[in-house]
């Protein structure tokens, strides 16, 4: 019989009137990969925060390796060999990777940088990580920062690792690398707990799946015996038909014309190269592509947040007069005055989108605080909007004045997307609008986007799930290497066809055929 690494008995945690975890009793087996699944606000992160010493249970008992323990802070968790990698990284930007490893370690001996770097390289070689010990955090990509967080808990001796939404900001290639590392850790006897919303990843990486629903433990199933339909039903308490509505396009008018759009990143690398397309009122234009192929820069360029190269053109056509206006060179405020704005959900949603220390009401006010005629800002309308978003999107929060940084990642996402959709735009741009959201809330967002479409809004939807893109969008533009690699009809396109364009295989094939034809012509 398998030995338990963690046993929870009747664990309860409340925040005011909100019951985050309700009498949870469950067991996590040593040396297994467990996926912890549940809707937003189901208590997944709170439960794991009690194992990592961030919170302390109101009631119940925790056993580690069969011994009853009291985990009052992260130091206690580390002494029990438990380490957690949170969604929002806890690193010092100006320090190197190696220096971040030893922050907070209570050591009486003098720390030797070479020994620390050698230990880090040993961990990297053992599990398959790739990271330079001397690299500064501010120079790292998101995936490198996450890698450093995982190495940090391994360096401190963790044998039980908790990863909170580890793939939320990773490309498919980075995700596969991470999964390879996780499998290596399992082979080394580590116990890995993954908090995630992505059902296909649950089925790909885990040995077992534990489900929470509204703070209660529903059960644990072996992954080999599970499928997406079963897991969905356990998560939400009823069978969910995964059908996305796609109303027909009505009153189609040109709303946005992008021509020869090119831009470089801070390092001078071309990230968008001669991109041209049109967006129409009453349709959803999907943007597909492997993450990092210019999707973020495309939306930022249209919204006035990204410098573009000479020759680039972005024109907006008025919904009533069809009079065109050049958007390039205008500030986001000037563009917003035209009725154009974007709903942009970046990798750092608490950095660019919302202010974490503010509540929902104050974050609603950020969009229109300059529009008043008085130095005093009224809270009535923002408060009503906050209450409406909380109710309609099911934001789980003790109250609309609670700082949004205290909410789960999925609930933060709901606040941001809800605020942007409430702006009544004429062009609505969303980047990964459902990232980190459970199935029910994702379908609420899809419904809201379709409502905007039926109101005559031109919706541009950047997504990572091909099945959703094919079911939701009227047209799909595929970006590859910063170029437009094809624009397809969403109703007739095949998943394999889009995937091929995303990976540039079709272009390579065309190039090879062209070279073959030239050779044949010469002979």
Selected residue (criterion: modelled with the highest pLDDT) from residues of segment 136-161 that are part of a loop (DSSP other than H, G, I, E, B) and within 25 Å of the chain's Cα centre (by Cα)
140
Just the residues that are in a loop (DSSP other than H, G, I, E, B), at pLDDT 85 or above and touching a strand residue (DSSP E or B) at 6+ places or on another chain (Cβ under 9 Å), please, taken from segment 223-257.
226, 246, 252, 253
Can you find, within segment 479-512, the residue that is modelled with the highest pLDDT among those that are at positive phi and surrounded by 17 or more Cβ atoms within 10 Å (Cβ to Cβ)?
486
Qualifying position, being without any contact (Cβ under 8 Å) to a residue 24 or more places away in the chain, out of contact with any helix residue (DSSP H, G or I) (no Cβ under 6 Å at 6 or more places or on another chain) and more than 29 Å from residue 407 (Cβ to Cβ), among 72, 68:
68
Identify, from the list 219, 189, the residue that is over 25 Å from the mean Cα position of the chain (by Cα) and part of a strand (DSSP E or B).
219
Kindly provide the set of residues from segment 276-294 that are within 17 Å of residue 262 (Cβ to Cβ) and buried (at least 22 other Cβ atoms within 10 Å of the Cβ), ordered by number.
287, 289, 293, 294
If I filter segment 390-410 down to residues being crowded, with 23+ Cβ neighbours inside 10 Å and not in a loop (DSSP other than H, G, I, E, B), which single residue comes out as farthest from the chain's Cα centre (by Cα)?
404
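The values are calculated or read from the model by the stated rules, or taken from the named source; none is laboratory data. These figures come from a predicted structure and were not determined experimentally. No Cβ is skipped: glycine too gets one built from the backbone with ideal geometry, and neighbour counts run over all protein chains shown.
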